[in-house]
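Scroll down for the structure; my scribbles are underneath it.
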Amino acid sequence: MREPESDTLFEGRLFSVVRRFQRTDGGGRRPRDIIRHPGAAVILPILDDERICLIENYRIAVDETLIELPAGTLEPGEDPLQTARRELAEETGYRARSIRQLAVFYSSPGILDERMHLYAANGLEPGATALEPGEKIRPILKTWPETLDMIRQGLIKDAKTLVGLLYYGSFEKNCNI
């Protein structure tokens with residue numbers, strides 16, 4: 001009897017965990033547990049005066065309030081651009097006249113298949129936030145030099161935020177990081 005190529009170990013609301021079997025050079029099988037995630041949109045909100053809208057976001061997994069770019073999980077069948085618009089408004093209150101994709105990357109491909117879709121949002125108009133129950137999120141506005149100083153000081157620890165800011169600074173803003 002042939003063993004299955006993968007087994008579902010856990011099925012949750014936002015993700016699942018599967019055990020896949022990788023063939024080894026010697027013909028054996030190596031089990032690997034993988035988190036399956038629908039993907040997420042990450043938004044770099046840039047105000048007309050070029051300040052960056054970051055958020056302070058309490059994360060129970062690390063029991064810390066982190067400084068992040070707004071982001072959120074894709075709903076089933078949802079286009080990442082729709083997710084970006086929805087999450088920007090929910091977490092910051094801002095609505096964007098223009099959103100463009102900057103990059104797509106994997107957050108932690110050793111254990112997770114989550115694809116992160118990075119967008120820059122411009123032409124921001126303020127509005128009300130729509131936080132989910134239990135979310136503790138507060139928008140903060142920083143100049144580009146202040147944002148870079150926060151990275152240098154280790155105040156920004158979130159990987160998607162570091163990727164988003166450093167990508168923007170390296171390829172979009174034309175500045176020396």
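Worth pointing out:
- Tally of residues being in a loop (DSSP other than H, G, I, E, B), closer than 28 Å to Glu146 by Cα and under 15 Å from the mean Cα position of the chain (by Cα) across segment 62-88: 2
- Condition met for Gly12 (on the phi > 0 side of the Ramachandran plot, of a type outside the set (A, V, I, L, M, F, W, C) and not assigned by TED's automatic domain parsing to the domain that holds Lys160): no
- Scan of segment 156-177 for residues that are in a loop (DSSP other than H, G, I, E, B) and over 18 Å from Pro70 (Cβ atoms), ordered by number: Lys173, Asn174, Cys175, Asn176, Ile177
- Residue tally, condition more than 14 Å from the chain's Cα centre (by Cα), within 15 Å of Ala120 (Cα to Cα) and not hydrophobic (A, V, I, L, M, F, W, C), over segment 38-61: 4
- Scoring Ile55 on the criteria (1) in a strand (DSSP E or B); (2) aliphatic (A, V, I, L, M); (3) without any contact (Cβ under 8 Å) to a residue 40 or more places away in the chain leaves a single failure, condition (3).
- Scanning segment 117-155 for residues being out of contact with any Lys or Arg (no Cβ under 7 Å at 6 or more places or on another chain) and part of a loop (DSSP other than H, G, I, E, B) gives a total of 13.
- Condition met for Glu135 (acidic (Asp, Glu), within 17 Å of the chain's Cα centre (by Cα), within 28 Å of Gly12 (Cα to Cα) and at pLDDT below 95): yes
- Filter result (among the polar types (S, T, N, Q) and either buried (at least 17 other Cβ atoms within 10 Å of the Cβ) or free of Cβ contacts under 8 Å to residues at least 40 places away in the same chain (or both)) within segment 74-108: Gln82, Thr83, Thr92, Ser98, Gln101, Ser107
- Cβ-Cβ under 7 Å pairs, at least 6 apart or on other chains, segment 126-141 side free of Cβ contacts under 8 Å to residues at least 60 places away in the same chain, far side of a type in the set (S, T, N, Q): Thr129/Thr92
- In segment 1-43, the qualifying residues are those that are of a type in the set (Asp, Glu) and in a loop (DSSP other than H, G, I, E, B), and the one that is surrounded by the fewest Cβ atoms within 10 Å (Cβ to Cβ) is Asp25.
- Residues in segment 125-147 include none that are crowded, with 18+ Cβ neighbours inside 10 Å and among the small types (Gly, Ala, Ser).
The values are calculated or read from the model by the stated rules, or taken from the named source; none is laboratory data. Please read all numbers here as calculations on a predicted model, not as lab measurements. Backbone-built Cβ (ideal geometry, glycine too); neighbour counts: all protein chains shown.
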